[in-house]
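First the structure, in the form of structure tokens, and then the observations on it.
The values are calculated or read from the model by the stated rules, or taken from the named source; none is laboratory data. It should be emphasised that the depicted structure is a prediction, and the values quoted were computed from it without experimental measurement. Cβ coordinates were reconstructed from backbone atoms using ideal geometry, including for glycine residues, and neighbour counts include every protein chain displayed. Quick note on the areas: whole protein, heavy atoms, side chains included, nothing else; ligands and nucleic acids left out. Shrake-Rupley method; radii C 1.70, N 1.55, O 1.52, S 1.80 Å.
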Amino acid sequence: MSYLARDDRPDDKAARYAELEEEILAVLEGEPNLTARMATVSSMLADAFPLFFWTGFYVVDPDKSDELVVGPYQGTLGCLRIAFGRGVCGTAAKDRATQIVEDVNAFPGHIACDSRSASEIVVPVFDQSGALIAVLDVDATETAAFDAVDAGALERLVARVFAA
């Protein structure tokens, strides 16, 4: 596996994401369990990108359709529950749209699960029917760590893993 640093070129990052996507799909081939799929994606993303400080999922609570509950992740302690519309994860869930936050301290209502987090990207995860089932949350300790390359690659990855 090749690893990327913050100063790698966007085409290098895009190529690494494409390579990783194929690796993840190969590992998950034939695995129907949602938890296993999320755990594998979290683990492989965290391993491939050392810049990623926290990588994981918040799952839509089946008993509270407007709340996320922590799911499989790699990193320090995560928040246990997040209401739709609250923080970056809740905003992504409510708006059903990817959120890229260059500086989490400048994001209104940011939830600080770990004060070392400086930037964040959150991607909504949909099932085959288009229902929101989770969000993929990735944090970094550096500001402005995420861009359109990350957004496009992570959106494509979760679509192929969870909506295919």
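FRET efficiency for the pair Asp47 and Asp147, taken as 1/(1 + (r/R0)^6) with r the Cβ-Cβ distance and R0 = 25 Å, rounds to 0.75. Ranking of Met44, Met38 by solvent-accessible surface, largest first: Met44, Met38 (1.4 Å probe, protein heavy atoms only, all chains present).
In this structure, the amide hydrogen of Val125, modeled 1.01 Å from its nitrogen in the peptide plane, lies closer than 5 angstrom to those of Ile133, Ala134, Val135, Leu136, counting only residues at least 5 positions away or on a different chain. Take every Cα pair under 8 Å whose residues are at least 6 apart in sequence, average their separation, divide by the length of region 1-129, and the relative contact order is 16 percent. Working note: Debye formula, equal point scatterers on the alpha-carbon atoms of region 10-155, no solvent; log10 I(q)/I(0) at q = 0.15, 0.16, 0.17, 0.19 Å⁻¹ is -0.71, -0.82, -0.93, -1.18. Our helix-only sum for the chain, with -39,500 (n - 2.57) per DSSP H run of n ≥ 4 divided by its residues, gives a mean residue ellipticity at 222 nm of -11500 deg cm²/dmol. Only the Cβ atoms of Lys and Arg (+1) and of Asp and Glu (-1) were treated as charged; on that basis the dipole of region 1-144 about its Cα centre amounts to roughly 420 debye. In order along region 129-144, the Karplus-derived 3J(HN,Hα) couplings, from 6.51 cos²θ - 1.76 cosθ + 1.60 at θ = phi - 60°, round to 8, x, 7, 5, 10, 5, 10, 9, 10, 10, 10, 9, 7, 9, 6, 6 Hz, and Gly and Pro are given as x. Rg/Rh for region 49-122 stands at 0.93; both radii use Cα atoms, and Rh follows the Kirkwood definition. What's the longest uninterrupted piece of the chain once you rule out the trypsin sites (Lys or Arg not before Pro) that are loop residues per DSSP with at most 15 other Cβ within 10 Å? By the stated rule (loop sites, at most 15 other Cβ atoms within 10 Å), 7-95. For Thr76, the solvent-accessible surface with a 1.4 Å probe is about 40 Å², rounded to the nearest 10.
Amide H contacts of Phe53: Asp139, Ala140, Thr141, each under 5 Å away and 5 or more positions distant or on a separate chain (H built 1.01 Å from N in the peptide plane; Pro and chain starts excluded). Short-range pairs are left out: with C-alpha atoms under 8 Å and at least six residues apart, the relative contact order of region 73-164 is 26 percent.
If you add up the charges near Glu29, with Lys and Arg at +1 and Asp and Glu at -1, over every other residue whose beta carbon is less than 14 angstrom from its beta carbon, what do you get? After counting each charged neighbour, the total is -2.
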